[in-house]
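Report on the following structure.
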């Protein structure tokens with residue numbers, strides 16, 4: 001269990017908090033002494049997270065069932081948080097979905113669904129967070145994007161497109177906040193061991209073969225990056241560290257990037273095939 005800085009007296013709002021990175025982030029802030037606003041669509045799963053936060057960490061919590069794709073529900077979420085705790089010091093903008101598909105086969109409805117959550121939902125949360133934080137004069141907003149938003153590959157081209165867009169939106173947003181005591185950060189995880197990965201790999205054989213489960217990183221690594229972003233007002237962190245910088249370098253020489261990804265995916269598929277063939 002990693003040592004966390006104290007967030008005693010701070011209010012932290014986490015979207016997508018019912019499972020995966022969001023759940024672990026909410027529990028970590030509870031352990032660090034924060035008042036935690038736990039936001040997602042699934043009330044039953046949120047209740048379990050709240051129960052654990054209160055039982056293990058004696059945290060003050062507020063559960064808000066909300067769909068980030070609905071602006072009215074996002075506005076209500078922030079109103080409830082301010083009414084309960086007087087303000088919002090940190091927002092972890094984490095809600096997201098992934099529907100894998102080759103670009104040639106992707107359905108417009110699937111791409112729209114990802115855009116609605118990963119881009120528009122994140123935008124609505126950013127806008128409401130900025131309104132609250134401008135009134136109180138301070139705050140931190142952490143947008144959880146993806147290394148796939150720096151370098152795309154199949155079969156997550158559609159997902160990557162939404163994260164590319166989120167990165168661009170955050171970079172512009174960060175410039176708009178210059179001169180204020182409100183900070184916007186990007187955290188860019190690689191492949192993390194979460195229920196979303198499990199569901200996606202199970203439903204898409206190509207993705208499961210492409211990236212063996214043994215190579216997944218724990219959600220705690222992303223939580224550590226989120227804490228560092230807030231604690232030190234960092235603009236961007238990747239998980240693992242340095243991976244984002246490598247992605248930027250590969251953008252200068254896309255041919256080399258393509259070759260490296262083909263080589264890595266070919267090796268991963270061969271390893272997966274060998275493992276399945278063993279008795």
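The values are calculated or read from the model by the stated rules, or taken from the named source; none is laboratory data. Keep in mind that what you see is a predicted model, and the values were worked out from it rather than measured. Counting neighbours? That spans all protein chains shown, and the Cβs are built from the backbone with ideal geometry, glycine included.
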Within region 108-135, how many residues turn out to be touching a strand residue (DSSP E or B) at 6+ places or on another chain (Cβ under 7 Å) and under 16 Å from residue 155 (Cα atoms)?
1
Go through (1) modelled with pLDDT of 85 or more; (2) within 18 Å of residue 96 (Cα to Cα); (3) surrounded by fewer than 19 Cβ atoms within 10 Å (Cβ to Cβ) and name the single condition residue 186 misses.
(3)
For residue 88, state whether it is closer than 26 Å to residue 225 by Cβ, in contact with a strand residue (DSSP E or B) (Cβ under 6 Å, 6 or more places away or on another chain) and part of a loop (DSSP other than H, G, I, E, B).
yes
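Could you check how many residues of region 1-38 are assigned to a helix (DSSP H, G or I) and surrounded by 24 or more Cβ atoms within 10 Å (Cβ to Cβ)? Can you show your working first?
Narrowing region 1-38 to residues assigned to a helix (DSSP H, G or I): 20-31.
Narrowing further to those that are surrounded by 24 or more Cβ atoms within 10 Å (Cβ to Cβ): 21-23, 25-26, 28-30.
Looking only at that region, the number is 8.
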Go through region 53-85 residue by residue and tally those that are touching a strand residue (DSSP E or B) at 6+ places or on another chain (Cβ under 6 Å), assigned to a helix (DSSP H, G or I) and under 24 Å from residue 187 (Cα atoms).
3
Please go through (1) assigned to a helix (DSSP H, G or I); (2) surrounded by 23 or more Cβ atoms within 10 Å (Cβ to Cβ) for residue 140 and return the number of the only condition it doesn't satisfy.
(1)
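Could you name every one of the helices (runs of 4 or more DSSP H) located completely within region 203-272 that has at least 1 residues being at pLDDT below 70?
Details: elements: 205-210, 219-232, 243-252.
Ranges flagged: 205-210, 243-252.
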